[in-house]
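Just below is one structure, and these are the notes that go with it.
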Amino acid sequence: MNCWKSLKGKVKFREPLKRHTTFKVGGKAEVFIEPRDKDDLKSALRLAKEHGLAVFILGRGSNILAADKGIKGAVLKLSAPFFKRTTFKNNRLYAGSGALLAGIISSCLKRGLSGTEFLSGIPGTLGGALAMNAGTAGRDIGSLVRKVEVMDYRGNTRSLGSKEIKFAYRKSSLAPGIILGAELQLKKEKPAGIRKRINDCLKRRRLTQDLSWPSAGCVFKNPRGDFAGRLIDACGLKGRRSGGARVSLRHANFIINTGNARATDILKLIEGIKKEVHSRFGVVLEPEIKIW
Ligand code: FAD
Ligand code: EPU
């Protein structure tokens, strides 16, 4: 345990992951590290390797279902101020991967820079959004990217131009690496128009999604040409329960934690939903959430 003291950032042992996921579910991470900066991250990766620990990268935990038994390994969260820096130059934003999307969107609005509005209401970090290629209504964050700085698990960093990265629906080729930050291309625009699009996006979300209970947003990806929510709803699964977990009554692709849900409760619902949707429609639903 002493060797972890050489790190400059915060290190915790047996840290409950339910504190770090929007599902509010998840057992303990053997080691939980918030590196102070890039060099510290490199040292953390080296130490994890020396101890034979698998490494897991955590953003805001808004698309992760962490196992009840916890994680045998090192969970790294890039939440120190170094990883949250944002700077603007020539209608471009450089932000660290730990910066929250909500903060990025409001900084862009203040500067009269448009482009990020469609991300409003996604409760994640820039790093998580890039790894997942997060988006709404046919647009995704990949479309804004000029460059992404990544680190591999040996601690080597690289800057990738947009042409070197593949973005597709809810996935990106960046995912195996550690995203350190990115440069996004924005456009000058009067704040009123930007503000309106942000408000419209948030309003639509409040009308259609279940935002009153802990969740990870949509659990499944939409199958090509259809909607997971529609299929689950058509199977009559809204309201189905397993322990403290429930299929939302408002949006069938949301599973909510109504209090004290365990990961196993959520997994049971996921399996039940997959089975019913497959038997009724012949469609195999693929989870969007990352199951740890
Ligand atoms: P996490 O959940 O922490 O991680 C997700 C994945 O990214 C993991 O595999 C993790 O290892 C990886 N990752 C995180 N950070 C890094 C990094 N720095 N480097 C490499 N890998 C990394 N998603 C949408 O796309 N559109 C929506 O409209 C949307 N709405 C949502 C609404 C609600 C209420 C909730 C709870 C979730 C919603 N989501 C939505 C899902 C989620 O918010 C997004 O996928 C978000 O981008 C995840 O970011 P995060 O920081 O929470 O990542
Ligand atoms: N629908 C139902 N019943 C439901 C839910 C939806 O019939 O319970 C129908 C709706 O009536 C609509 C269709 O399904 O005709 C699509 O629903 P919605 O407009 O709510 O969008 P979605 O496809 O379910 C997607 C993303 C969301 C994103 C919204 C807004 C996926 C899996 N989900 O939802 O992203 O916020 O569009 O653009 O792509 C997420 O990824 O976590 C997420 C929340």
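Derivation of every value follows stated rules applied to the coordinates shown; laboratory data play no part. Bear in mind that the values here come from a model prediction, so they are computed numbers and not experimental data. Quick reminder, even Gly has a Cβ in these numbers, built from the backbone with ideal geometry, and neighbours come from all protein chains shown.
A few points about this structure:
- Note on Lys18: aspartates and glutamates with a C-alpha under 20 Å away, same-chain residues under 8 apart excluded, are Glu30, Glu34, Asp68, Asp210, Asp265, Glu288.
- Rounded to whole Hz, the Karplus (6.51, -1.76, 1.60) HN-Hα couplings of region 102-110, x for glycine and proline: 4, x, 4, 4, 6, 5, 5, 4, 4
- Å³ per residue enclosed by the Cα convex hull of the chain: 127
- Mean separation of Cα contacts under 8 Å (6+ apart) over length of the chain, as relative contact order %: 17
- Note that region 139-154 has calculated 3J(HN,Hα) couplings of 10, 9, 5, x, 5, 9, 6, 9, 8, 9, 9, 10, 10, 8, 6, 8 Hz, one per residue in order, obtained from phi through the Karplus relation 6.51 cos²θ - 1.76 cosθ + 1.60 (θ = phi - 60°); glycine and proline are x.
- Shown for region 193-292: lysine pairs separated by 8 or more places, or found on different chains, whose C-alpha atoms are under 20 Å apart, numbering 11.
- Those aspartates and glutamates that a straight Cα-Cα span of less than 13 Å connects to Lys49, excepting residues fewer than 8 apart in one chain: Asp152
- Rounded FRET efficiency, nearest 0.05, which uses the C-beta distance separating Thr87 from Leu207 and R0 of 41 Å: 0.70
- Cα gyration tensor, region 92-149 - rounded (a/c under 1.5), prolate or oblate: rounded
- Relative contact order for region 214-261, counting Cα pairs under 8 Å that sit 6 or more residues apart, in percent: 41
- Relative contact order (%) - criterion: Cα under 8 Å, at least six apart; region: region 56-100: 34
- Reachable aspartates and glutamates from Lys5, criterion Cα separation under 12 angstrom, eight or more residues apart if same chain: Asp40
- Inter-label distance, nm, simple model (7 Å from Cα along the C-beta direction), Ile291/Lys110: 4.2
- Helical mean residue ellipticity (222 nm; -39500 (n - 2.57) per DSSP H run of 4+; nearest 500) of the chain: -8000 deg cm²/dmol
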